[in-house]
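Notes follow once the structure below has been shown.
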Amino acid sequence: AKRDFELELIASGLSYLVIRPGGFFSDMMMIFDMARQGTVYLLGTGAGILNPIHLSDLAEYYYDHLEDPDGILEVGGPESYSFIQIAQMAFAALGKPGRIARVPQLVISIFLPFIRLFSPNLYTEVKAFTKIMTHGAQAPPYGRRTLDATFREAAETG
């Protein structure tokens, strides 16, 4: 849907600047919350590499590019991690051992058609997360805030 909108916007003749963040720290908090419970569940291999960005860094990036000509920019945070590393980082921030459980891609592919029947939105999310967790989603790095510091802060503040 996002790509379709981009194509319509480009074809409209209006000025445009599309900024595509590779992922957000806020999305990674889902992994942190699972770690707090003791087990992180990864879809597929969990070996995909991405560099999520903090929303404050993304806001600065937007500001830095307000005057750019029409175009599409991809952006990520300053550091790249696999989902396995993100899970390990969450456990380390919490100071507790944990378990990483992987849901094999075959199992996901078997259940995806059923998920689609009952919840098209969940289907889209599971499919996207599986692709990203397996293949990654790196973007040019930007910013200074790190996911590790964010996890440690979350562990301290509860």
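At-a-glance table
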item	result
Leu42 long-range amide H proximity, modeled H, under 5 Å	Ala101, Arg102, Val103
Long-range HN-HN contacts of Ile19 with modeled amide H, under 5 Å	Leu73
Carbon and sulfur %, accessible surface of the range 18-120 computed with the full protein complex present, 1.4 Å	62
Label point distance in nm, Met29-Ala11, each placed 7 Å from Cα along Cα→Cβ	3.8
Rounded to the nearest 20 debye, dipole of the range 1-153 from Cβ charges on Lys, Arg, Asp, Glu	960
Cβ crowding within 10 Å averaged over residues, with 5-13, 145-153 ranked highest first	145-153, 5-13
Computed helical MRE - 222 nm, the chain, DSSP H runs ≥ 4 contributing -39500 (n - 2.57), nearest 500	-17000 deg cm²/dmol
Distance cut-off 29 Å, percentage of C-alpha pairs in the chain lying past it	27
Residue order for Ser15, Ser80 - accessible surface, 1.4 angstrom probe, largest first	Ser15, Ser80
Distance between the range 5-34 and the range 45-92 - C-alpha centres, whole angstrom	11
Residue-normalised accessible area of the range 1-153, expressed per residue, 1.4 Å probe, Å²	60
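The values are calculated or read from the model by the stated rules, or taken from the named source; none is laboratory data. Only a predicted model underlies this, so the values are computations on that prediction, with no experimental measurement involved. All Cβ positions, glycine included, derive from the backbone under ideal geometry; neighbour counts span all protein chains shown. For accessibility, only protein heavy atoms count, side chains too; no ligands or nucleic acids. Shrake-Rupley method; radii C 1.70, N 1.55, O 1.52, S 1.80 Å.
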